[in-house]
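This report concerns only the one structure given below.
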Amino acid sequence: VNMERTLTIFLLLSTLLCARAFSTSGDGLIRVNLKKVKFDDTNRITSDLVLDEGDLLIESIRKYKQSANNLVDQQEPDIVSLKNYMDAQYYGEIGIGTPQQKFTVVFDTGSANLWVPSSKCIFSLACLVHTRYRSGQSQTYKANGTPAAIQYGTGSISGYFSQDNVQLGDLVVIDQIFIEATREPGVTFLAGKFDGILGLGFKNISVGNAVPVWENMVNQHLVKEPVFSFWLNRKSENGEGGEIVFGGVDPKHFTGEHTFVPVTQKGYWQFDMGDVIIGGKPAGFCTNGCSAIADSGTSLIAGPSEVVKQINDAIGAAGVLNEEYQKAVKLLGSHVFDQLVNSVENATQLCAHIGACPRQPGASSIGIKSVVDSSDDVSSGFEDTPSCTACKMIVSRAHSELMENETRDSILNLGSDNPLDQSIIDCAKISSMPTISFTIGGKEFQLSPDQYILKVGEGASARCISGFIALDIPPPRGPL
């Protein structure tokens, strides 16, 4: 697999934003473009239920990674366009059925199943705000009905298998097995800017042993070469977010030669990696070698907690939000639980109601003295953005727990599992931060500070998030 930026990006697709953008040119490549779109009132429909724009991004960075406990060990290239949401989420469009029903999906090399919401999903809000598959409207639908469920790191879906044709660009995969999701509990997929996920991993991590879309492309001789590749565009001015190419690589989007390394274990796209270089000095993390995966379903560069902490310490990043989250759970957890049980408001309103965020005109507060008051001369340390964000994150996660019928105790323990392990950096210090390099195939791949820092917002309100996040994969799959 050739991927120009291989380890860092979370692909998300938005039904509301996606327009068909296929093109075929004289080079024989079928392109599906990625678009970069502005956050508008339409997209705010779902995010207002949970968080504001910046907080939604931080929440959605959480990995939709399939739980490690569930894992067991002729045509021209076709290009599918991707959209880019805030340089952290990339997503594209596919069609299912005859005539086509359009869906936006994550192209995720870290999982292996295709799923989209079903028209029979009527009790999950996430389904109701996304496009749903209607089997009765497809002439090529074939019933299956076998139950299926996938547990991701921060969410889950369940439903049943169905079979239909799937179109990507100009390629049509015949009789693809996929999951119609009839349940998407909690807020994880409600906040997502995509309808479903298209897994590009190997069959041995596929739920139900379903043959993945990519394997069917090869088996049905739809691609010239058994290669797919990503181009992910950053800071684009014209909205072009990138592309995924099935059957080859697009020479317009790289210079020089690709570096190839063997896949060492099928499941994820896993390979061996050498040491991490920080500011020109070997960190010693991988003196005896490390295993890594190229995962298009992760927004940031993920690694074992110990390693990520040392990298973040070296670049001066601190887990500010996590500290605020811990404080907020201790101070506000019970109030959040009580308000949610009584179905009070959305996250922004609830946090204003209990005094953790600035109140809107006319809003009431339950008057917790240690949080911000409307008076200018009252301060408590909760008036800053991280603390308000922390409250809204509690609401988001607590709501998810309630949907799963969890107890007050489980919600009040939310602060113990490090949910806000993203680290914050002072945006003014970016220019003085070190280069971070990864050794792959004997070659050093360098990242400058402005490449490994994710900037959310502009001006005085901008927040800079470290591009390194803790993700501990237990043996035998991990550490990765």
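The values are calculated or read from the model by the stated rules, or taken from the named source; none is laboratory data. Fair warning: this is a prediction, and the values are worked out from it, not measured in the lab. When we count neighbours, we look across all protein chains shown, and the Cβ atoms used for this are built from the backbone with ideal geometry, even at glycine. Accessible surface areas use protein heavy atoms only, side chains included; no ligands, DNA or RNA. Shrake-Rupley method; radii C 1.70, N 1.55, O 1.52, S 1.80 Å.
Among the listed pairs LYS281/LYS455; LYS429/LYS455; LYS83/LYS142; LYS252/LYS455; LYS203/LYS224, which have their C-alpha atoms separated by more than 23 angstrom in this model? Intermediate values should be presented prior to the final figure.
On the way: LYS281/LYS455 26 Å; LYS429/LYS455 12 Å; LYS83/LYS142 31 Å; LYS252/LYS455 27 Å; LYS203/LYS224 21 Å.
Beyond 23 Å: LYS281/LYS455; LYS83/LYS142; LYS252/LYS455.
Of the chymotrypsin sites (Phe, Trp or Tyr not before Pro) in the stretch 90-135, which ones lie in a loop per DSSP and count no more than 13 other C-beta atoms within 10 Å?
Passing sites in the stretch 90-135 are PHE123.
If I take all pairs of Cα atoms in the stretch 108-162, what percentage of them are more than 17 Å from each other?
On the way: 638 of 1485 pairs.
Cα-Cα pairs in the stretch 108-162 separated by more than 17 Å: 43 percent.
At each listed q (0.24, 0.32 Å⁻¹), what is the log10 of I(q)/I(0) that the Debye formula gives for the stretch 151-204 modelled as equal alpha-carbon point scatterers?
Each listed q maps to, in turn, -1.14, -1.32.
Rank by packing, highest mean first: peptides 290-301, 428-439, with packing defined as the count of other Cβ atoms within 10 Å averaged across residues.
My ranking of the peptides, most packed first, is 290-301, 428-439.
Å³ per residue of the Cα convex hull, for the stretch 110-251?
Hull volume over Cα atoms, normalised by residue count, gives 138 Å³.
Considering only the other residues whose Cβ falls under 11 Å of the Cβ of SER437, what net charge follows from Lys and Arg at +1 and Asp and Glu at -1?
Value of the local net charge: 0.
Sorting check: for 186-199, 444-457, which peptide has the highest mean count of neighbouring beta carbons within 10 Å, and how do the rest follow?
186-199, 444-457
Give me the percent of the accessible area of the stretch 132-235 that comes from carbon and sulfur atoms, probe 1.4 Å, all protein chains in place.
Answer for the stretch 132-235: carbon and sulfur cover 48 percent of the accessible area.
Can you give the local net charge around ALA126? Use residues other than it whose beta-carbon is closer than 11 angstrom to its beta-carbon, Lys and Arg +1, Asp and Glu -1.
Local charge sum for ALA126: 0.
Roughly speaking, what % of Cα-Cα pairs in the stretch 184-318 are separated by over 20 Å, rounded to a whole number?
On the way: 5833 of 9045 pairs.
It works out to 64 percent of all Cα pairs.
Note down the net charge around LYS142, summing +1 for each Lys or Arg and -1 for each Asp or Glu among other residues with Cβ under 11 Å from its Cβ.
On the way: positive: none; negative: ASP164, ASP175.
That works out to -2.
Which order do peptides 260-269, 159-168 fall in by mean Cβ count within 10 Å, highest first? Display every interim value, and only then the final one.
Numbers: 260-269: 15.5, 159-168: 21.9.
Averaged packing, sorted descending, gives the order 159-168, 260-269.
State the percent of C-alpha pairs, over all pairs in the stretch 181-232, separated by a distance greater than 13 angstrom.
On the way: 932 of 1326 pairs.
Result for the distance tail: 70 percent.
Projected onto the charge dipole of the stretch 167-275 (+1 at Lys/Arg Cβ, -1 at Asp/Glu Cβ, origin at the Cα centre), which of ALA191, HIS221, GLN167 gives the Cα projection farthest towards the positive end?
Highest projection toward the positive end goes to ALA191.
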